[in-house]
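The values are calculated or read from the model by the stated rules, or taken from the named source; none is laboratory data. Keep in mind that this is a model prediction, so the values were computed, not measured. We place every Cβ from the backbone using ideal geometry, glycine too, and count neighbours over all the protein chains shown. Accessible surface is based on the protein model in full, side chains and every heavy atom, while ligands, DNA and RNA are left aside. Shrake-Rupley method; radii C 1.70, N 1.55, O 1.52, S 1.80 Å.
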Amino acid sequence: MEELRKLEEVQRMLMLMQLNGVVASSNNNDSNRFLASLILLMIKPCGGLQINEKCHLITQHMPKISASFLEEASFLFNQRGILEMEDKVSGCRNVVSTTHAREDNDELKQKNFEDMAVVSFDSLQRANSTLEDFCRSYFMFHEMDINSPQAIFKFLPVLSFTESYIYQMDRMNEGLVSLPTNRDAVLERVNEMWKGKESWTTKCMNMFKTDPFRPLVAQLECLGLLTERITEQLRCGDEYWALERKLCSALMNQKEISIEDVMRAIHLKSFDFRVLNLLLYQLRGEKVNELHMEFLSISEFLVEVSDDLFDYEDDVMENNFNILRMFVGIYGASAAPVMLAKHIAEAEEKYDSLLKTLDPQLSLSYQRRCEEATREGGKISGHPFGTWSIPPVIVDEELHRSNCFTSK
């Protein structure tokens, strides 16, 4: 009945607008309905405001309401409900609060959007390759068919949003450890994904000082997916970013770094895959398989090392965490490759041992996936992770960067 009453009001207003020449005809129904709804809003009582005061407010503020502002407002508000943080016994959680409250109800509580988990479209796009790799490599451990659209799309929203949020924060962290040290340069880099909205970038960057995962934790808790293990892995992510900032800053300033910090960081680096994997257990209502988690942790370490070797020069240029960079800083240019090869050999030995404990079919499927990923990366080798080729070590990083910038 309420909806019918509103439709009737809009129709009556349309007729009044036509009679008074506000609109010529009803040909453009969408535009006319919008104008009718706007006029109905203007004549609706609002405290002690008079009609002329409302007209003055609209005239004064309408030029400031740009299309980009409306797009951002639409993203936040154009849903059946508005996410609002409320206290509960175990902390805070998101609840859906309807926007159609009756006038005789108490005033709505002030909306708190500071803890909303929001991701940019750019982050969604860039995180897609990581998400694809996760699905192709990890679904088999859940007896899920990667070739089944139903299996993928059933859990895709949660997995995609989570990975995109983590990727977004990771890029911001890289902005903090990148070569420029002044605030304006850092903001310029981070603003690429937020198109100049400094209020958002400032808020997100400040979160690194407190809890960068608070909004994501609130969202997962709202969905009933948050577990202590997922929370712990998110803490690991926070620890990794802190270590990355610490180690990269020390390396840039030619200060001493510890092998303990470096090895801790490289093992923490794949925390996002572990978060996604634990979420998949929750989404499917299955108990975590500890053997699979242990095996995958070794595999993740080898993959991270392989990626670091491939991205070595880029990471030097961008001052990103890279295990080879760190080993050069600790052991020197000549000893670093030897020490890194030793850690790789130890991990491979443990990997091969755990691989034999897996179900034979799962073991075969995972090895095929690793070989497939290796071929896609342009490497051909009998080893599932490809040939371990350590790139030429850059002895003087500052000189190397300076030469590269000069040549460009």
Q: Return the residue satisfying two criteria in turn: it lies in segment 363-395 and is open to solvent by 80 Å² or more (accessible area, probe 1.4 Å) and at pLDDT 90 or above, and of such residues it is nearest to residue 298 (Cα to Cα).
A: 368
Q. If you check residue 163 against the conditions, is it within 13 Å of the chain's Cα centre (by Cα), part of a helix (DSSP H, G or I), at pLDDT 90 or above and charged (D, E, K, R)?
A. yes
Q.
Contact list please: Cβ distance under 6 Å, first residue in segment 345-362 and open to solvent by 40 Å² or more (accessible area, probe 1.4 Å), second residue among the hydrophobic types (A, V, I, L, M, F, W, C), pairs at least six apart or on different chains.
A. 350/298
Q. Quick one: what pairs do we get from segment 119-132, first residue without any contact (Cβ under 8 Å) to a residue 40 or more places away in the chain and under 19 Å from residue 212 (Cα atoms), second surrounded by 18 or more Cβ atoms within 10 Å (Cβ to Cβ) and aromatic (Phe, Trp, Tyr), C-beta under 9 Å, 6+ apart or different chains?
A. none
Q: Go through segment 327-346 and count every residue that is part of a helix (DSSP H, G or I) and closer than 21 Å to residue 253 by Cα.
A: 6
Q: For residue 281, indicate whether it is within 26 Å of residue 375 (Cα to Cα), among the hydroxyl-bearing types (Ser, Thr, Tyr) and touching a residue at least 60 places away in the same chain (Cβ under 8 Å).
A: no
Q: Kindly provide the set of residues from segment 227-270 that are charged (D, E, K, R), touching a residue at least 12 places away in the same chain (Cβ under 8 Å) and part of a loop (DSSP other than H, G, I, E, B), ordered by number.
A: 269
